[in-house]
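Data first, discussion second: the structure below is written as structure tokens.
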Amino acid sequence: MSASAILSFSTTFALVALSLGLLLTVARIVRGPTLPDRVLGLDMLVAIAIGFIAVIAIRSGFNLYIDIAIALSLVGFLATVAFARFILARGLSPESAGADSRAAAVPTRGKALAPARRQKKGGRR
């Protein structure tokens, strides 16, 4: 078996595996019960797209695709950080608040949380 045949088989297998991963990731994004699940799915989509670009670069021999993959990875990283900041600024999601019966209501912007009371040393309240 020649090197070009092995390379052709490997890139075909990688494209099939990446396609399967793409379908499963889209299903996770559509089904995902919470916003963080969907954000992780979108991050995974970026990683799969980078994989596709890398395999196409290997298959075609055109090295400019590698630069495109690097640029996409930087944009994907910034998008993930932006989504994470959005989730943190938004507070506790309603999906997870329903799961914990002790969770307090999420304060809106501008309202401060009530300070926690300190217990006196050596005694009960």
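The values are calculated or read from the model by the stated rules, or taken from the named source; none is laboratory data. None of these values were measured; they are calculated from a predicted model. We place every Cβ from the backbone using ideal geometry, glycine too, and count neighbours over all the protein chains shown. Accessible surface areas use protein heavy atoms only, side chains included; no ligands, DNA or RNA. Shrake-Rupley method; radii C 1.70, N 1.55, O 1.52, S 1.80 Å.
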Could you check region 16-42 and list, in sequence order, the residues that are closer than 21 Å to ALA71 by Cα and at pLDDT 95 or above? LEU18, LEU22
Exactly one condition in (1) within 24 Å of ARG90 (Cβ to Cβ); (2) open to solvent by 80 Å² or more (accessible area, probe 1.4 Å) is not met by ILE29; state its number. (2)
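Let's see how each residue does on (1) out of contact with any Phe, Trp or Tyr (no Cβ under 8 Å at 6 or more places or on another chain); (2) over 20 Å from PHE86 (Cβ atoms); (3) not assigned by TED's automatic domain parsing to the domain that holds ILE70; (4) not in a helix (DSSP H, G or I):
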site	(1), (2), (3), (4)
ALA17	yes, yes, no, no
LEU20	yes, yes, no, no
VAL26	yes, yes, no, no
PRO36	yes, no, no, no
VAL39	no, no, no, no
LEU45	yes, no, no, no
